[in-house]
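> This is the structure, below, for whatever I ask next.
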Amino acid sequence: MFLLFGVRSKDHLAGTRVMNCEVCGWQAPQQILKRTTKFTLFFIPLFPVKPSSYYMVCGHCQGFRKADPHLLSVA
């Protein structure tokens, strides 16, 4: 018998804001993504293994960076 287990990260769109990008400097829509990482058993996600983290993706340059926590409460 064998077990298939591991972890899987998934991104979910948490919102969008128009602001200046820290990477390219353009004012463009910034997508706010919520990333969750869960333990999987036979490819079935069971429970989170670490707290969710938030990231921002620029609509112009596709720059990917960690979101500033104080921006999340305003969004």
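> Limited to region 20-46, what total is found for residues that are surrounded by 15 or more Cβ atoms within 10 Å (Cβ to Cβ), of a type in the set (S, T, N, Q) and more than 16 Å from the chain's Cα centre (by Cα)?
Selection size over region 20-46: 1.
> I've got another one for you. Collect the residues in region 54-74 that are exposed (fewer than 13 other Cβ atoms within 10 Å of the Cβ) and in a loop (DSSP other than H, G, I, E, B), keeping them in residue-number order.
Our first condition is that a residue be exposed (fewer than 13 other Cβ atoms within 10 Å of the Cβ); within region 54-74, this holds for 62, 64, 66, 68-70, 73-74.
Hits for region 54-74 are Gln62, Asp68.
> Working only within region 1-53, note down all residues that are assigned to a strand (DSSP E or B), charged (D, E, K, R) and within 18 Å of Arg65 (Cβ to Cβ).
Within region 1-53, the subset assigned to a strand (DSSP E or B) is 5-20, 27-41, 44-53.
Applying the additional criterion that residues be charged (D, E, K, R) yields 8, 10-11, 17, 34-35, 38, 50.
Passing the criteria: Asp11, Arg17, Lys34, Arg35.
> Of everything in region 20-75, what is under 30 Å from Leu4 (Cα atoms) and of a type in the set (A, V, I, L, M, F, W, C)? Give them in sequence order. If you could, list the steps in order and put the result at the bottom.
Taking region 20-75 and keeping what is under 30 Å from Leu4 (Cα atoms), we get 33-55.
Answer for region 20-75, where residues must be under 30 Å from Leu4 (Cα atoms) and of a type in the set (A, V, I, L, M, F, W, C): Leu33, Phe39, Leu41, Phe42, Phe43, Ile44, Leu46, Phe47, Val49.
> Let me ask something additional. Are there any pairs, at least 6 apart or on different chains, whose C-beta atoms fall under 6 Å, with the first in region 8-31 and over 19 Å from Ser53 (Cα atoms) and touching a residue at least 12 places away in the same chain (Cβ under 8 Å) and the second part of a strand (DSSP E or B) and β-branched (Val, Ile, Thr), and if so, which?
Once the first residue is over 19 Å from Ser53 (Cα atoms) and touching a residue at least 12 places away in the same chain (Cβ under 8 Å) and sits in region 8-31, its partners that are part of a strand (DSSP E or B) and β-branched (Val, Ile, Thr) give Pro29/Thr16; Pro29/Val18.
No lab work stands behind these numbers, since they all come straight from the coordinates. Just so it is clear, the structure is predicted and the values come from calculations on it, not from any experiment. With ideal geometry, Cβ positions are generated from the backbone for all residues, glycine too; neighbour counts draw on all protein chains shown.
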